[in-house]
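*Asks:* The following block contains the structure, expressed as structure tokens.
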Amino acid sequence: MLAVSPGLAGYSFTADSLEVDRPGGRALLEGSVRLRSETEILTADRMEIFFEESLEDVIRVVASGRVSLQRDETGDSWVATAEQADYYPRSDTALLTGEVVLRQGRNDLRGERALYDGGYGTLKLEGDVRGKIHPEAGVQKDDD
């Protein structure tokens, strides 16, 4: 397994193979790909990473094949799985498509397409949407 950390600020990754086109601002990773930042872990069979030529800033990540996006922030951890993800780190947005499953604690949401905006804390789920929401233990509702 190839382990690489080529200076993409704040990221580390592992993959079975890597192809870099620095002038084109693109890296292709294939086989058991894992991309990690301070708060996220993105895994997939294949990832195409688009970056500035300086290798300092990731602009976009396109992940395909058994995609999993895990986010672990203080008090807010969740995992999403899909067939494909199109992730934009600068704006903290992601479009997930194909058998999307979102899990947070015991909550489970499913659909064919999800648009997540971390900056605004919003999620839009479309296409055969279904789910199970469980109230947190010990949380009481106000009667207002």
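*Asks:* For region 2-132, state the average projected area of the convex hull of the C-alpha atoms over all orientations, rounded to one decimal in nm².
*Replies:* Average projection, Cα convex hull of region 2-132: 7.6 nm².
*Asks:* How much of the pair distance distribution for region 12-75 lies past 19 Å, counting alpha-carbon pairs only, in percent?
*Replies:* On the way: 589 of 2016 pairs.
Roughly 29 percent, once rounded to a whole number.
*Asks:* Return the long-range amide H neighbours of Gly127 (sequence gap of 5 or more, or a different chain), with a cut-off of under 5 Å between placed amide H atoms.
*Replies:* Hits under the 5 Å cutoff: Glu112.
*Asks:* Amide H of Ile59: which non-local residues (sequence gap of 5 or more, or other chain) have their own amide H closer than 5 Å, using H built in the peptide plane?
*Replies:* Residues meeting the amide H criterion: Phe50, Phe51, Glu52.
*Asks:* When Lys and Arg each count +1 and Asp and Glu each count -1, what net charge do the other residues less than 11 Å away from Glu48, Cβ to Cβ, add up to?
*Replies:* Values: positive: Arg26, Arg46, Arg60; negative: Glu19, Asp21, Glu30, Asp86.
Every neighbour counted, the sum reads -1.
*Asks:* If you don't mind, there's one more thing I want to ask. Quick one: what are the phi-derived ³J(HN,Hα) couplings along region 93-99, Karplus 6.51/-1.76/1.60 with θ = phi - 60°, whole Hz, x for glycine and proline?
*Replies:* Result, rounded to whole Hz: 10, 9, 10, 10, 9, x, 6.
*Asks:* Sticking with this one: Among 32-38, 101-107, what's the highest-first ranking by average C-beta atoms within 10 angstrom per residue?
*Replies:* The most tightly packed comes first, giving 32-38, 101-107.
Read the figures in this text as sums done on the coordinates, not as results from a lab. As the structure is a computational prediction, the values presented were derived from the model and not from experiment. Neighbour counts are summed over all protein chains in view; Cβ atoms, including those assigned to glycine, are modelled from backbone coordinates with ideal geometry.
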